[in-house]
Amino acid sequence: MCGIVGYIGKNQAAEVILDGLAKLEYRGYDSAGMAVYDGDKIKYMKSVGRLKVLEEITHGGEKMPGHVGIGHTRWATHGVPNTTNSHPHFNTK
């Protein structure tokens, strides 16, 4: 099962999102990612495996400042677990 956490507020979104995704952790997912808007651009990071990997590459969310964001865990029902298939998907076009 997948899990989605969104946040808009005064706190740093990435930290709140990581905490919310941790509460959904025991759902059999194979990848996780998040996107945060810093007021100028959207930054996103995705990882394969447990949520701990996403926490590590974002330094607990510190590498993704901003007050608006979304996080997503994915359970592979199609496609192999990799960063391309991880959510959230992002398109610059």
* Structure fact -> Residue span residue 83 to residue 25: 0.36 nm per residue of separation minus Cα-Cα distance leaves a gain in nm of 19.1 nm
* Structure fact -> With the label point 7 Å along the Cα-to-beta-carbon line of residue 68 and a cut-off under 20 Å to each amide N, the hits in segment 1-17 are 4-17
* About its Cα centre, what dipole magnitude does segment 8-80 give when the only charges are +1 on Lys and Arg Cβ and -1 on Asp and Glu Cβ, stated in debye to the nearest 20? -> 180
* Amide H neighbours of residue 66 under 5 Å, at least 5 residues apart or on other chains, H built in the peptide plane: list them. => 13, 14
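Coordinate-derived values only; no laboratory data. Here the structure is a predicted model, which means the values were calculated and not measured. As a convention, Cβ positions derive from the backbone with ideal geometry for all residues, glycine included, and neighbour counts pool all protein chains shown.
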